[in-house]
Amino acid sequence: MLGNSCRTAVPLHGRQKFLAPISAISGSTITLREHRVRETLLMQRREVQVRLAATRDRKPIAACDARVMHDLQRRELVDAAIAARRCWVAEHVGAVCGYGILTMNFFGRAFVDLLYVAEGARRKGAGDAILAAIEHAQHEDRLFTSTNDSNAPMRTLLERRGYQPSGNITSLDPGDPELVFVKFLSGANTK
Ligand SMILES: CC(C)(COP(=O)(O)OP(=O)(O)OC[C@H]1O[C@@H](n2cnc3c(N)ncnc32)[C@H](O)[C@@H]1OP(=O)(O)O)[C@@H](O)C(=O)NCCC(=O)NCCS
């Protein structure tokens, strides 16, 4: 089970292979040691760390997602999730760049209520890493979430992580159905 002490280091899929060969970095003058230092720095930059959010993360979360600042309902959702240890934050190069919230309000099932990555931090693997951490923390055998039909980034991310369609709700946003997804978790943590 994840706790406050748990940090999941998630290498960014497919990006590590782009490390430049020694000769490609600066001709033939770079030493092997310099190359290793640069390689380590590149690897660190390419890593996203996910951990349970704490109260001190409220401001960084609001800096990622302006709605937290302006929308009382969202702010209360974040605060309640932090207090319940059901909010995870992703850090990229040491700064919070996104967050995810789990609730149990979907027919009593584990439900990813919100996944949000700061606009400038997208396509770096943060969304994927947050979902992975939430899945890893589950005691339940399945995890639900939903998104609008029009939300191609989220739909692609969910498909990539093995989520399956689990029904549509057509009466929430006219012309843009809410699609429900489920992932069956074979390795769910036991209670
Ligand atoms: C959906 C969202 C959370 C994705 O976060 P992210 O950190 O950018 O996603 P990742 O970098 O982890 O992407 C993982 C994979 O998802 C898919 N993906 C993510 N964004 C995509 C996009 N804009 N277009 C196509 N595929 C996309 C890709 O397969 C991607 O892998 P790749 O970059 O190697 O191709 C982010 O776009 C977001 O915060 N959107 C606004 C809030 C939202 O709509 N939340 C979902 C509903 S609650």
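Quick notes
- Among (1) more than 10 Å from the ligand (Cβ to nearest atom); (2) assigned to a helix (DSSP H, G or I), the one test that residue 89 misses: (2)
- Residues satisfying the stated conditions in region 92-131, i.e. of a type in the set (Gly, Ala, Ser) and not in a strand (DSSP E or B): 94, 108, 118, 120, 121, 125, 126, 127, 129
- Candidates in region 104-130 are the residues that are among the aliphatic types (A, V, I, L, M) and more than 8 Å from the ligand (Cβ to nearest atom); of these, the one that is surrounded by the most Cβ atoms within 10 Å (Cβ to Cβ) is 110.
- Among the residues of region 132-153, those identified as within 8 Å of the ligand (Cβ to nearest atom) and either assigned to a loop (DSSP other than H, G, I, E, B) or surrounded by fewer than 18 Cβ atoms within 10 Å (Cβ to Cβ) (or both) are 148, 151, 152, 153.
- The lone exception for residue 166 - which of (1) more than 8 Å from the ligand (Cβ to nearest atom); (2) of a type in the set (S, T, N, Q); (3) closer than 21 Å to residue 67 by Cα it fails: (3)
- Qualifying residue in region 73-83 (condition: in contact (Cβ under 8 Å) with a residue 60 or more places away in the chain, within 15 Å of the ligand (Cβ to nearest atom), hydrophobic (A, V, I, L, M, F, W, C) and part of a helix (DSSP H, G or I)): no
- Among residues of region 83-95, those that are surrounded by fewer than 22 Cβ atoms within 10 Å (Cβ to Cβ) and either of a type in the set (A, V, I, L, M, F, W, C) or within 20 Å of residue 163 (Cβ to Cβ) (or both), counted: 5
- Cβ-Cβ distances below 7 Å connect the following pairs, each with a first residue in region 124-142 that is among the basic types (Lys, Arg), a second residue that is in a loop (DSSP other than H, G, I, E, B) and within 15 Å of the ligand (Cβ to nearest atom), and a separation of six or more residues or different chains: 124/12.
- Answer residue from region 154-177, given it is touching an Asp or Glu at 6+ places or on another chain (Cβ under 8 Å) and assigned to a strand (DSSP E or B) and is surrounded by the most Cβ atoms within 10 Å (Cβ to Cβ) among those: 168
Bear in mind these aren't lab numbers, they're just calculated from the coordinates by the rules spelled out. Values in this document were obtained by computation on a predicted structure and should not be read as measured data. Cβ atoms come from the backbone with ideal geometry, glycine included; neighbour counts cover every protein chain shown.
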